[in-house]
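Here's the structure we're looking at; comments come further down.
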Amino acid sequence: MRFDVITIFPGLIRGYLHEGVLGRAEGRGIIRVETWNPRDFSQLPHQRVDDRPFGGGPGMVMMAPPLLACISAARAANPGAPVGYLSPQGKPLRQNDLQNMAGRPGLILLAGRYEGIDERVMGAVDEEWSVGDYVLAGGELPALVLIEGVSRLLPGFLGHPGSAEEDSFSSSGLLDCQHYTRPERWNDEVVPDVLLSGDHRRIARWRHQQALLRTRTRRPDLWAGRILTREEEILLQEADMAEGKY
Ligand code: SAM
């Protein structure tokens with residue numbers, strides 16, 4: 001899958017790709033990431049891309065002409081890819097959004113800076129995505145969040161293809177269960193017996209139960225309106241009885 005990132009700091013994107021799983025995925029041809037610098041499309045002295053806001057006020061605004069020229073060039077290089085602007089005012093990014101994006105041929109991501117972009121650029125933007133209700137200095141980290149989240153869903157990215165399905169917010173809509181590894185005992189804390197039993201059916205049942213309990217406790221927003229299967233009701237009753245809630 002091809003990602004084109006429009007940014008005045010291409011080094012931030014390339015630097016992150018230099019190491020780790022994304023860099024490996026790029027090396028293996030699973031993803032391709034290109035950057036486009038609006039400064040290269042500026043007609044102004046010193047390749048200027050920002051100016052003061054009309055109406056006054058603090059900060060600078062990214063100008064429309066270089067951004068629109070940059071978007072056109074990226075669209076020509078990645079035909080059919082939608083343009084997504086990373087913005088705190090966008091749709092909050094969720095796992096199922098990443099899943100939908102992973103089915104597309106490519107994505108063009110616009111990273112803003114300063115006070116944001118001239119509103120007239122929005123006519124060339126197809127989608128607006130937020131990584132959360134807080135404000136960062138630029139869209140580069142959000143773009144990388146999106147690229148990494150989508151990339152790990154692409155075939156061949158993860159060593160074990162099923163592992164993404166067990167993740168929080170994935171097919172079950174639950175948080176993932178807790179995990180343990182060696183040593184079996186650490187500072188008087190032990191691994192739950194069931195995980196050492198070798199009984200795969202019991203282990204799967206326990207994991208499902210823990211995922212239900214975690215989601216109910218930690219994320220009432222995800223839990224609200226969830227329709228439980230009969231099996232899930234039984235798992236919760238068993239856990240609540242063990243806790244002495246009945
Ligand atoms: N004045 C803007 C506002 O309040 O909505 C914030 C501008 S922010 C300082 C500069 C850039 O960072 C934005 O154009 C956007 O690309 C990026 N950014 C900041 N927070 C973000 C978030 N939560 N999600 C996605 N992008 C974000």
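Return only the number of the condition from (1) open to solvent by 40 Å² or more (accessible area, probe 1.4 Å); (2) in contact (Cβ under 8 Å) with a residue 12 or more places away in the chain; (3) out of contact with any Leu (no Cβ under 8 Å at 6 or more places or on another chain) that Gln99 does not satisfy.
Exception for Gln99: condition (3).
Are there any pairs, at least 6 apart or on different chains, whose C-beta atoms fall under 7 Å, with the first in region 166-194 and within 23 Å of His208 (Cβ to Cβ) and the second outside any helix (DSSP H, G or I) and aromatic (Phe, Trp, Tyr), and if so, which?
Val191/Tyr180
Does any residue of region 105-119 turn out to be more than 16 Å from the ligand (Cβ to nearest atom) and under 30 Å from Gly29 (Cα atoms)?
Looking through region 105-119, at least one residue is more than 16 Å from the ligand (Cβ to nearest atom) and under 30 Å from Gly29 (Cα atoms).
Residue by residue through region 175-204, note down the ones that are surrounded by 10 or more Cβ atoms within 10 Å (Cβ to Cβ), out of contact with any Leu (no Cβ under 7 Å at 6 or more places or on another chain) and β-branched (Val, Ile, Thr).
If the condition is that a residue be surrounded by 10 or more Cβ atoms within 10 Å (Cβ to Cβ), out of contact with any Leu (no Cβ under 7 Å at 6 or more places or on another chain) and β-branched (Val, Ile, Thr), then Val190, Val191, Val194 are the ones that fit.
Could you list, in sequence order, all residues of region 55-80 that are within 15 Å of the ligand (Cβ to nearest atom) and touching a Gly at 6+ places or on another chain (Cβ under 8 Å)?
Within region 55-80, Val61, Met62 meet the criteria.
Being on the phi > 0 side of the Ramachandran plot and open to solvent by 80 Å² or more (accessible area, probe 1.4 Å) narrows it down to one residue among Tyr134, Tyr114; which is it?
Tyr114
Out of all the residues in region 141-153, which are more than 11 Å from the ligand (Cβ to nearest atom), open to solvent by 20 Å² or more (accessible area, probe 1.4 Å) and not in a loop (DSSP other than H, G, I, E, B)?
Once the filter is applied, which keeps residues that are more than 11 Å from the ligand (Cβ to nearest atom), open to solvent by 20 Å² or more (accessible area, probe 1.4 Å) and not in a loop (DSSP other than H, G, I, E, B), region 141-153 yields only Glu148.
Please go through region 33-71 and give me each residue that is surrounded by 14 or more Cβ atoms within 10 Å (Cβ to Cβ) and either polar (S, T, N, Q) or modelled with pLDDT under 95 (or both), ordered by number.
Residues satisfying the conditions are Thr35, Asn37, Ser42, Gln47.
Residues of region 81-93 being more than 13 Å from the ligand (Cβ to nearest atom) and surrounded by fewer than 17 Cβ atoms within 10 Å (Cβ to Cβ), which ones?
Pro82
Quick check on my filter: what residues within region 126-140 are within 11 Å of the ligand (Cβ to nearest atom) and not in a strand (DSSP E or B)?
Val131, Gly132, Asp133, Tyr134, Val135, Leu136, Ala137, Gly138, Gly139, Glu140
The values are calculated or read from the model by the stated rules, or taken from the named source; none is laboratory data. Just so you know, these numbers come straight off a predicted model, no measurement behind them. Methodologically, a virtual Cβ is constructed for each residue, glycine included, from the backbone with ideal geometry; neighbour enumeration extends over all protein chains shown. We work out accessible area using only protein heavy atoms, side chains counted, and drop any ligands, DNA or RNA first. Shrake-Rupley method; radii C 1.70, N 1.55, O 1.52, S 1.80 Å.
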